[in-house]
Amino acid sequence: MKSIGKNFFLWGVSWLPALALAAGPDAGQTIKQSTNWTAIVMFALFVGATLWITKWAASKTRTAADFYTAGGGISGFQNGLAIAGDYMSAASFLGISGLVFANGFDGLIFSIGWLVGWPVITFLMAERLRNLGKFTFADVASYRFAQTPMRTFAALGSLTVVAFYMIAQMVGAGQLIKVLFGLDYIVAEVLVGAIMMMYVLFGGMTATTWVQIIKAVMLLGGASFMALAVLLQFGFNPENLFAKAVEVHSKKEAIMAPGALIKDPISAISVGMALMFGTAGLPHILQRFFTVPNAKEARKSVAWATTWIGYFYILTFVIGFGAITNLIPNPLDYFVDGEIGKGLKGGGNMAAVHLAQAVGGDVFLGFISAVAFATILAVVAGLTLSGASAVSHDLYASVWRRGHVDSAAELRVSRITTLILGLVAVGLGIAFEKENVAYMVMLAFTVACSANFPILFMAVLWKDCTTRGAIAGGVVGLVSSVVLTIGSASVWEAVLGNPKGSAWFPYSSAALFSMSAAFLTIWLVSKLDKSPQAQKERALFEDQRIRSETGVGAATALAH
Amino acid sequence: MAADIYARIRSNPSFHRFVKRRNRYAALMTALGAIAYYGFILLVAYDKDFLARKLMPGMVTSLGIPLGVGVIVFTIAITWIYVRRANGEFDAINAQIIEEARK
């Protein structure tokens, strides 16, 4: 125990960049473990219970409105839990606790980053979204603008974010099933694809919401139990926990201080912006604000979501330190060949899973494995639903049919789209099996903060914004975020195989540049736009402002 | 009709005062959240030694831990403070403005 060896340190650093850049459920390439029947049975119970709920939800999903937003009848507290369920991914749970396990304090920096987007949504977006929109964020972005171009672009922005986010989830599912259940990669793709399609296809938003609520409760419960068990070992005194961790960890005192995670201030601020404003541009999160009856409940949703997500990140920090104190002293049980230098069995993201066994035995290990996998299922369902809504509500009903469509036809299109998206998700999952997808989640956030967030923000809050300005800015944000990400080390070197040091974009995230470029373009093009259409759009701003601020005329908010 | 109501709300000076006040409050809270977060991140970038400092001599816990957890708790707290005020005081004024416009 005295000397853990340099190898442990090297191993810890070697996978840090990937995690630091992504915190996607990036399990890397994992090795299949022996079949874990307890975990499989627990997961089967979860699937059974959620499919039973889906059957009930199906009887309530009769119109397009039911499909998109569960008829707007979810309470603020329920929606808060569902948002938390939508947002707390397997990456946050396994990735951040693994990061804490390897580096200590640095994991906390990440947790904080993933939380700070929520106040932005609360203070600036939640209420206005609810007052202006009905089913999708494109409703809000296109409120006073030319419908066809605006909705087409917003749908494109949604689908791009959904695609990147989805690839990360599907590949993560395949890698995780090998270590959690001991099943093959392909089984995960088919399972996730098939079950998720059943939720969304038959139960729409009602089923998706309840799947997310159940998953959130299970994840919060399981993580709370683990954190409590760890604190109990140290008489509920964190100082004792940290003292023991410093004693056994190879980095000693260094785990109590910031390390190599933040290299330069520009990258730090850029990553921070992607997380802070990207959260406010994620289509599957924004759609959740239309499931509550009014602005009051929308605000309550975010307050509860922020509370649960923040609490959860504090738990992952305790869990990471608990893994240090519980796993490192027992290398035979948890490390490859019993050697700490060879890393954790199943990879660096398995810290929380091994800790589950250490504090709760095989049954609890099965429970946590099932929860980690169910987490991916719930996130993928939310993504698919928002992708299907972008196609059926924005592209089909609003652009193609110009709003002249009945609810039954729209519902049919959303279901067909769900099927197609499900198949696409499985296909992408299989296609990207051997690829390094560590950058995908970060790319989804970067696109969300550079394309979706600026057009939403300017359309709602700036009088002079016009269709041309919004679209020009959105295109600039979308293209620059993708291009600059390709030029950064996480893609240029790690994925495209160019030599080390050849990446032409020197920072960890494009957000600072691509988001600024998007805002600047919207401002400039709108200012130069003297067309009659632009005049009309500016004149409509006052009425939009009154509706967004007071809720008069908002969908189902007031009885007329 | 909604259009009439909009016109009456628009000509009501208390509506403009109210929106200004609420937006100023929201901007203030956003700034507080951003200062807490970027303050912490810039400390990480520029003054790692400060965060590594021990809470008290002889302790292992560094100053960075309560500060970091503090940012999380602070974020949750300002969210609730805003939501309570918006759902209480602000919504009451809002309801009154709408009521006046409906007359």
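The values are calculated or read from the model by the stated rules, or taken from the named source; none is laboratory data. Note that the structure is predicted; figures quoted are calculated from it, not measured. Here the Cβ positions follow ideal geometry from the backbone for every residue, glycine too, while neighbour counts run over all protein chains shown. Just the protein is used for accessible areas: all its heavy atoms, side chains included, with ligands, DNA and RNA removed. Shrake-Rupley method; radii C 1.70, N 1.55, O 1.52, S 1.80 Å.
A:PHE153 meets all of the listed conditions (1) open to solvent by 10 Å² or more (accessible area, probe 1.4 Å); (2) aromatic (Phe, Trp, Tyr); (3) modelled with pLDDT under 95 but one, namely (3).
Taken together, the criteria place A:ILE214 among residues that are in a helix (DSSP H, G or I), under 30 Å from A:ALA57 (Cα atoms) and either of a type in the set (Asp, Glu) or open to solvent by 20 Å² or more (accessible area, probe 1.4 Å) (or both).
Would you confirm whether or not region A:272-280 contains a residue that is closer than 13 Å to A:ASP86 by Cβ and of a type in the set (A, V, I, L, M, F, W, C)? Full working, then the answer.
Initially, region A:272-280 is screened for residues closer than 13 Å to A:ASP86 by Cβ, giving A:279.
If we keep only those that are of a type in the set (A, V, I, L, M, F, W, C) as well, we get none.
Within region A:272-280, none of the residues are closer than 13 Å to A:ASP86 by Cβ and of a type in the set (A, V, I, L, M, F, W, C).
Counting only helices (runs of 4 or more DSSP H) wholly contained in region A:454-560, the ones carrying 3 or more residues that are more than 14 Å from chain B (Cβ to nearest Cβ) occupy A:467-487, A:489-492, A:511-528, A:532-539.
Taking region A:56-74 as the range and being polar (S, T, N, Q), out of contact with any Gly (no Cβ under 8 Å at 6 or more places or on another chain) and crowded, with 21+ Cβ neighbours inside 10 Å as the test, only A:THR69 passes. Here region B:49-64 is the region considered, the condition is being buried (at least 16 other Cβ atoms within 10 Å of the Cβ) and at the interface with another protein chain (Cβ under 7 Å from one of its Cβ atoms), and the residue that is farthest from B:ARG24 (Cα to Cα) is B:VAL60.
Inside region B:36-45, can you point out the residues that are open to solvent by 40 Å² or more (accessible area, probe 1.4 Å) and within 7 Å of another protein chain (Cβ to nearest Cβ)?
Of everything in region B:36-45, those that are open to solvent by 40 Å² or more (accessible area, probe 1.4 Å) and within 7 Å of another protein chain (Cβ to nearest Cβ) turn out to be B:TYR38, B:LEU42.
Residue by residue, here is whether (1) small (Gly, Ala, Ser); (2) assigned to a helix (DSSP H, G or I); (3) touching a His at 6+ places or on another chain (Cβ under 9 Å); (4) surrounded by fewer than 24 Cβ atoms within 10 Å (Cβ to Cβ) holds:
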| position | (1), (2), (3), (4) |
| --- | --- |
| A:PHE289 | no, yes, no, no |
| A:PRO293 | no, no, no, yes |
| A:LYS296 | no, yes, no, yes |
| A:SER301 | yes, yes, no, no |
| A:ILE314 | no, yes, no, yes |
| A:GLY322 | yes, yes, no, no |
| A:ASP333 | no, yes, yes, yes |
| A:GLY341 | yes, yes, no, yes |
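Checking each residue in region A:343-352 for being open to solvent by less than 10 Å² (accessible area, probe 1.4 Å) and either over 16 Å from A:LEU219 (Cα atoms) or of a type in the set (Ser, Thr, Tyr) (or both) picks out A:GLY343, A:LEU344. Restricting the first member to region A:528-539 and to residues that are basic (Lys, Arg), and the second to residues that are surrounded by 13 or more Cβ atoms within 10 Å (Cβ to Cβ), the beta-carbon pairs closer than 7 Å and six or more apart or on different chains are A:ARG538/A:LYS463; A:ARG538/A:ASP464.
Of all residues in region A:389-414, those satisfying the criterion of being in a helix (DSSP H, G or I), closer than 15 Å to A:ASP139 by Cα and among the small types (Gly, Ala, Ser) are A:SER389, A:ALA390, A:SER392, A:ALA397, A:SER398.
Just checking, which of A:GLU410, A:GLU435 is charged (D, E, K, R) and within 25 Å of A:ALA173 (Cα to Cα)? Reasoning before the result, please.
Working: A:GLU410 fails: within 25 Å of A:ALA173 (Cα to Cα).
That would be A:GLU435, the only listed residue that is charged (D, E, K, R) and within 25 Å of A:ALA173 (Cα to Cα).
Candidates are the residues of region B:3-21 that are over 19 Å from A:PHE123 (Cα atoms) and open to solvent by 30 Å² or more (accessible area, probe 1.4 Å); the one that is nearest to the other protein chains (Cβ to nearest Cβ) is B:ARG10. Filtering region A:81-120 to residues that are under 19 Å from A:ALA227 (Cα atoms), among the aliphatic types (A, V, I, L, M) and away from every other protein chain (no Cβ under 13 Å) leaves A:MET88, A:ALA90, A:ALA91, A:LEU94, A:LEU99, A:ALA102. Pairing residues of region A:449-465 that are open to solvent by 10 Å² or more (accessible area, probe 1.4 Å) with residues that are outside any helix (DSSP H, G or I), at Cβ distances under 8 Å and at least 6 apart in sequence or on separate chains, gives A:MET458/A:CYS465; A:VAL460/A:TYR143. Taking region B:74-90 as the range and being more than 7 Å from every other protein chain (Cβ to nearest Cβ) and of a type in the set (A, V, I, L, M) as the test, the residues that pass are B:ALA77, B:ILE81.
Looking at A:PRO329, A:PRO283, which is the one that is open to solvent by 30 Å² or more (accessible area, probe 1.4 Å) and more than 10 Å from every other protein chain (Cβ to nearest Cβ)?
Values: A:PRO283 fails: open to solvent by 30 Å² or more (accessible area, probe 1.4 Å).
Residue meeting the stated conditions: A:PRO329.
Of the candidates A:ALA227, A:ALA245, A:ALA268, A:ALA254, the single residue that is at pLDDT 95 or above, out of contact with any Lys or Arg (no Cβ under 7 Å at 6 or more places or on another chain) and within 12 Å of chain B (Cβ to nearest Cβ) is A:ALA245. Selection over region A:161-208 of residues that are assigned to a helix (DSSP H, G or I) and either under 23 Å from A:ALA49 (Cα atoms) or open to solvent by 30 Å² or more (accessible area, probe 1.4 Å) (or both) gives a count of 32.
Checking A:LEU377, A:LEU355, A:LEU383 one by one, the residue that is in contact with a His (Cβ under 6 Å, 6 or more places away or on another chain) and either touching a residue at least 40 places away in the same chain (Cβ under 8 Å) or open to solvent by 20 Å² or more (accessible area, probe 1.4 Å) (or both) is A:LEU383 and no other.
State yes or no: is A:PHE123 without any contact (Cβ under 8 Å) to a residue 12 or more places away in the chain, open to solvent by less than 10 Å² (accessible area, probe 1.4 Å) and within 14 Å of another protein chain (Cβ to nearest Cβ)? Write out each step before concluding.
Values: without any contact (Cβ under 8 Å) to a residue 12 or more places away in the chain: yes; open to solvent by less than 10 Å² (accessible area, probe 1.4 Å): yes; within 14 Å of another protein chain (Cβ to nearest Cβ): yes.
The answer is yes for A:PHE123.
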